[in-house]
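Every number in this text was worked out from the coordinates using simple rules, so none of it is lab data. Computed from a predicted structure; not experimentally measured. Glycine also receives a Cβ, built like all others from the backbone with ideal geometry; neighbour counts cover every protein chain displayed.
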Amino acid sequence: MSPLQRLLLQVIVIVTTARLLGAAFRKIHQPPVIGEIVAGILLGPSVLGWLAPSWSSTLFPPQSLGILSLLSEVGIVLFMFIVGLELDTRHVRDSGRFVILTSNVSIAVPFALGVLVAYGLHPLLANGTPTVYLALFMGAAMSITAFPVLARILSEGQLLHTRVGNLALACAAVDDISAWCILAVIVSLVHHGGTGVGPWIRLTGLPLYVLLMLFVIRPMLRKVQLRWFSMRTMTVGAIGFIAVYAFASSLITDWLGFHALFGAFFAGVVFPRERGLEVELGKQLKFITTGMLLPLFFAISGLRTNVGLIHGWPMWLTCALLITVAIIGKMLPSMLSARFGGMSWRESATLGVLMNTRGLVELVILNVGFDLGVLSQTLFSMMVLMALITTFMAAPLLHWINDRKQHEGINYSSAAS
């Protein structure tokens, strides 16, 4: 096959498998993202490569993965822009000290536990990476809360406008901003100036970039929005302009050594929230991003995940330890801090479960770590299983904690992440 024929065949197989499994998981009241992640794993060495190695090597030869990976990274850049776009910082301002306490605890405790686990596992699962880099990265990976899937669970579980729903969104917003800032610093440290940019340029360039985005680009976007609002719809030219804006922000942060995804996320956060245009923009961008590009990212993640590397009881015990630390380290501190802040035990437990939801954002961070060489393939595979389990357990636990009648209407018919 020619490279184009192979790429088209890969896209057909990946998107079809992802859509089918996403629909199947929606039937059992789970976010389709879980089915799409499972689809990626099924197409990788864990299943297809094990059951039909000749088919796997024909469909996904190593020399073809570079183009597929680049195409998926474009999708992830757009996805992170949408995540930043949907992250409404007003939730933080409206909830005050309670959110600061809960979010800080839900970041600090899992981060510390991630660092401790990394130091313990470094001799077993390190990939030639300095211990401090692995420790910092594991701390960031353990701290994340998937804001998009959390918002979808709240919306379709009829919890979005409740007290606990608003507080969960606010805490997740703080968690995501903090985790991505931490990740940007880690990426910069690991790069060691490998991007061709000196350390002084990186140190001064990032603050200048932030100031430029907040005090120059944001006011300009607000003025442009007035014209879009007068048109009453998002034109093709407007969407193209915003895509260029997101890609330019990603290009700058990647050039500075802080990763392109941080620039895309910050571009979404900075985008003005006025007249509801950001909602319409998010809807328009989601069609192509969630429909085709994200399944390609899941496939790349699945091709990197090899459950067969987790063999023998010591390795599975290590995997179970990672998952247990991730769950307890995130859920328990969030629950206890919420209870200390005056919430009931049921509300506190609900908040703890919601904050433990990791979803696609966790996969994005794990792939960053794999690309940087911080995570070995074995550790990457274990962490992917952790992301799957912590996302899968959210809906059943919420159903169990709260009244059955309240949650029987949960239907993830349009969940994307």
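Relative contact order for segment 285-387 using alpha-carbon pairs under 8 Å, separation at least 6, rounded to a whole percent?
37 percent
Using the number of other C-beta atoms within 10 angstrom as an exposure proxy, rank Glu73, Glu36 with the fewest first.
Least crowded to most crowded, the residues run Glu73, Glu36.
In nm, to one decimal, how far is the modelled label at Arg273 from the one at Trp55, with both set 7 Å along Cα→Cβ?
With each label placed 7 Å out from Cα toward Cβ, I get 4.7 nm.
Given springs between every Cα pair under 10 Å in a Gaussian network model of the chain, which of Ser64, Ser250, Ser381 has the largest fluctuation?
Ser64
Of the labelled options (i) 29, 27, 24; (ii) 62, 22, 16; (iii) 50, 26, 19, which one gives semi-axes √(5λ) of the Cα gyration tensor in Å as computed for this structure?
Computing semi-axes √(5λ) of the Cα gyration tensor in Å and matching it to (i) 29, 27, 24; (ii) 62, 22, 16; (iii) 50, 26, 19 gives (i).
Give me the one-decimal nm value for the distance between modelled label points at Leu116 and Arg227, 7 Å along each residue's Cα-to-Cβ direction.
Label-label distance for Leu116 and Arg227, simple model: 5.6 nm.
Hey, for a label at Phe215 modelled as a point 7 Å past Cα toward Cβ, could you say which residues of segment 251-285 have their backbone N under 11 Å away?
Under cut-off, by backbone N: nothing.
For a label point 7 Å from the Cα of Ala23 along Cα→C-beta, name the residues of segment 271-293 whose backbone N is under 16 Å from it.
Counting backbone N atoms under 16 Å from the label point, the list is 291-292.
Fully extended, how many nm does the chain gain between Ser64 and Met393 (0.36 nm per residue separation, minus their Cα-Cα distance)?
Gain in length upon complete extension: 114.9 nm.
Once you order the gyration tensor axes a ≥ b ≥ c over the Cα atoms, which shape class does segment 204-303 get: rounded for a/c under 1.5, otherwise prolate or oblate by comparing a/b with b/c?
oblate
Cα-based count: Lys pairs in the chain below 24 Å, eight or more positions apart or different chains?
Lysine pairs satisfying the spacing and distance rule in the chain number 4.
Note down the relative contact order for the chain as a percent, whole number, built from C-alpha pairs under 8 angstrom at least six residues apart.
31 percent
Using a Förster distance of 41 Å, how high is the FRET efficiency between Leu124 and Asn104, based on the Cβ-Cβ distance and rounded to 0.05? Don't skip to the end; give the middle numbers.
Working: r = 31 Å, r/R0 = 0.76.
Step by step, r from the Cβ atoms, then E = 0.85.
Quick one: which residues, 5+ away or cross-chain, put their amide H under 5 Å from the amide H of Ser46? H built at 1.01 Å from N.
Hits under the 5 Å cutoff: Val307.
What dipole magnitude, in Debye to the nearest 20, does the chain give about its Cα centre under +1 on Lys/Arg Cβ and -1 on Asp/Glu Cβ?
Value, rounded to 20: 700 debye.
Report the gain in length on full extension from Leu42 to Thr324: 0.36 nm times residue separation, minus Cα-Cα distance, nm rounded to one decimal.
Value of the extension gain: 99.1 nm.
Hydropathy at least 0.0 by Kyte-Doolittle, axial extent at least 27 angstrom from the Cα trace: which helices of the chain, defined as entire DSSP H runs, fit?
Helix filter hits for the chain: 3-27, 65-86, 97-125, 163-191, 236-255, 313-340.
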